Structures are given as structure tokens and as C-alpha cells.
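J.: My questions will all concern the structure given below.
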Amino acid sequence: MTTILSCRGLTKQYGTTTALDNIDLDLPSGSIIGLLGPNGSGKSTFIKIAAGLLTATSGSLLIDSNKPGVKTKQVVSYLPDHDYLNDWMSVDQLIRMFEDFYADFDKAKAFDMVQRLNIKRESMLKTLSKGTREKVQLILTMSRKAKLYLLDEPIGGVDPAARDYILNTIIGNYNEDAAVLISTHLISDVEAVLTHTIFIKNGKIVRTGDVDEIRQETGTSIDALFREEFKC
């Protein structure tokens, strides 16, 4: 199994606050990995460094053997935890913009997912509900043929009925040789699709490994283990 992302001693500080504390981690290709932790644990900071939006204070992070930059942006598809698309554009215009912007973007796949979710291509983004906007953002992210998908809270703002479809969309639309990193605190919703998990707390990795092996070792679900590990 090849490693798509590797970091050693990764540390990020904001003034006197340590967001990531000396993290060592390897993410295998062909896997769906849950980056699990409460709010403020360092999940978004880690993903933003991997996406090339933040620079680490110290340590190293490599994606496909390259430091975050121009080369990694060609193989990484990133979904931020906030709304970032232009309000005045239609769904159709956004899909065509992504096709122009990314050489690995599959327009046919994007239009197919839009149709399956009953989203009108001519709809302006500003007329859509928050949940539907998040679905559009996910469609755009998953329609790339990337090696690494970084999804920051992809199901946080959608209704429970749509979560299963979104998770199935994630599973069904990534290259089997790629890796998907899902940051969330909604463990019970994502557990069924995960192959690997990372527990992060106060910027430190407290547990990581194969989901089936962790369940066998602990005799409990990832959700129950998470609740025990992070209980107030």
C-alpha cells in the first residue's frame, strides 16, 4: 500500500496557541480516513496545511512526495468547511468554470450528480438553500480525478436524510487508488464508510489505525470509542 500523505513533526502555532503539536502521520492510498475530533482540535488546520492554504511552523508534510504547492494542487481536491463559491453564478456556470480550471475535472460526472440530487443546472447559487449549496460544492470537489480528497466537515450543514446520499457520493466517485480524508465530529454518520481513523485532540494524535482492527482490539464501535475518548 502506497502512502499519499506523510508528515513528520508537523507543528502549527498561532502566537502562543499550538493548533498542531508535533504530528507524525502516514495516509495510505486507496482508503477513506476519518479525521475525528471535537471542534477546536486542529482538524481544519491540518487540512488547510495539506491544501496549501497555511504554512506549518515546523516539521514537514509531503503529498505524493511533494511539499504543498503547485504540484500538489494538481492532485488534491479540497472542500473547505465554509461557503466559497460565487453567489451570482449558476450551477451550470460553476461546473463549466471548474472544467476550465482543472484538467482532471469530469463534467459529465458533475452533471449526473446534479441531476440525481434534483438540482436545477440553471439555478443561481444565491437562490439555493445552505444544504443544497453544500451539495453543489461537494459535487464539484468529487468530480475531479484527484489522488487525495480533503473534505472539511462535508456533512455538517445538510439534513440527516441527505447524509447517506452524500457519503455514497463520496464512496462512489473517488478513484480506488486515491485517498479521501473526511474531517468531522459526526462519527456515527461516517463510521460505516471509513477504512482508517485518526483521533485528534488539542492538536495531538491520540489514536490512529485501521478501523476494523481498532474495533476488534477494543470490542466497540468507533463512535462509542470516540465518545469515551472525548467525553467532557
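Rule-based calculations on the coordinates, nothing more; no lab input. Computed from a predicted model, the values in this text were never measured in an experiment. In this analysis, Cβ positions are derived from the backbone assuming ideal geometry, glycine residues included, and neighbour counts consider all displayed protein chains.
J.: Hey, can you rank 79-89, 198-208 by average C-beta count inside 10 Å, highest first?
T.: Packing order, densest peptide first, comes out as 198-208, 79-89.
J.: Sticking with this structure for a sec: Structure shown: which of LYS67/LYS135; LYS12/LYS43; LYS147/LYS201 lie over 22 Å apart, alpha-carbon to alpha-carbon?
T.: Cα-Cα > 22 Å for LYS67/LYS135; LYS147/LYS201; rest within.
J.: Next question, about the same structure. What's the magnitude of the charge dipole for the chain around its Cα centre, counting Lys and Arg as +1 and Asp and Glu as -1 at the beta-carbon? Answer in Debye, nearest 20. Mind dumping the intermediate values first?
T.: Details: 27 positive and 30 negative charges, 127 e Å.
Magnitude of the dipole: close to 620 debye.
J.: Here's something else I'd like to know. Could you tell me what percent of the DSSP beta bridges with both partners in the chain are antiparallel, to the nearest 5?
T.: Looking only at bridges with both residues in the chain, the antiparallel portion is about 55 percent.
J.: Per DSSP H run of at least 4 residues, take -39500 (n - 2.57); add these up for the chain, divide by its residues and hand me the 222 nm value, nearest 500 deg cm²/dmol.
T.: -9500 deg cm²/dmol
J.: Along the charge dipole of the chain, pointing to its positive end and built from +1/-1 on Cβ of Lys, Arg, Asp and Glu, which listed residue (THR141, THR169, GLN13) has its Cα farthest out?
T.: Comparing the listed Cα positions along the dipole, GLN13 ranks first.
J.: Would you mind ranking TYR78, TYR102, TYR14 by Cβ crowding within 10 Å, fewest neighbours first?
T.: TYR14, TYR102, TYR78
J.: How would you rank PHE226, PHE101, PHE111, going from fewest to most other Cβ atoms within 10 Å of each one's own Cβ? Walk me through the numbers on the way to the answer.
T.: Numbers: PHE226 22, PHE101 10, PHE111 16.
Ordered from fewest to most neighbouring Cβ atoms within 10 Å, PHE226, PHE101, PHE111 come out as PHE101, PHE111, PHE226.
J.: Now, a different point. Using the Cα centre of region 132-232 as the reference point, and only Cβ charges (+1 on K/R, -1 on D/E), how large is the resulting charge dipole? Debye, rounded to the nearest 20.
T.: Values: 12 positive and 16 negative charges, 81 e Å.
Charge dipole, region 132-232, about its Cα centre: 380 debye, nearest 20.
J.: Using modelled amide H (1.01 Å from N, peptide plane; none on Pro or chain starts), what sits under 5 Å from the amide H of GLY30, excluding residues fewer than 5 places away?
T.: Close amide H contacts, sequence-distant or interchain: ALA178, ALA179.
J.: Starting from the Cα of SER123, step 7 Å along the direction of its Cβ; do the same at HIS185; then give the gap between the two resulting points in nm.
T.: Each label point is offset 7 Å from its Cα along the Cβ direction, giving 2.8 nm.
J.: Another question about this same structure. Within 10 Å of each residue's Cβ, count the other Cβ atoms and sort LEU94, LEU35, LEU53, LEU117 from fewest upward. Mind showing how you got there, number by number?
T.: Details: LEU94 20, LEU35 26, LEU53 13, LEU117 16.
By the 10 Å Cβ count, ascending, the order reads LEU53, LEU117, LEU94, LEU35.
J.: Once amide H atoms are built 1.01 Å from N in the peptide plane, which residues 5 or more positions from ARG207, or in another chain, come under 5 Å H to H?
T.: Under 5 Å from the amide H of ARG207: PHE199.
J.: What is the gain in length, in nm to one decimal, between THR11 and GLN93 on full extension, counting 0.36 nm per residue of separation less the C-alpha to C-alpha distance? Numbers along the way, then the final one.
T.: Working: separation 82, 0.36 × 82 = 29.52 nm, distance 3.90 nm.
Gain on extension, THR11 to GLN93, equals 25.6 nm.
J.: Taking loop as defined by DSSP and a crowding limit of 10 other beta carbons within 10 Å, which GluC sites (Glu not before Pro) in region 82-162 fit?
T.: Taking region 82-162 and a limit of 10 other Cβ atoms within 10 Å, the loop GluC sites (Glu not before Pro) found are GLU122.
J.: Over region 100-180, what is the mean sequence separation of C-alpha contacts under 8 Å (at least six apart), divided by residue count, expressed as relative contact order in percent? Present the calculation step by step, with values, prior to reporting the outcome.
T.: Working: 61 pairs, mean separation 27.0, N = 81.
In percent, rounded to a whole number, it is 33.
J.: Between ARG144 and residues 5 or more places away or on another chain, which pairs have amide H atoms under 5 Å apart, with H built 1.01 Å from N, and which residues are they?
T.: Under 5 Å from the amide H of ARG144 lie the amide H atoms of ASP106, each far enough along the sequence or on another chain.
J.: What are the ³J(HN,Hα) values, in whole Hz, obtained from phi via the Karplus relation 6.51 cos²θ - 1.76 cosθ + 1.60 with θ = phi - 60°, for each residue of region 59-70 in sequence order, with x given for Gly and Pro?
T.: These are the phi-based 3J(HN,Hα) values: x, 9, 9, 10, 10, 6, 6, 10, 5, x, x, 4 Hz.
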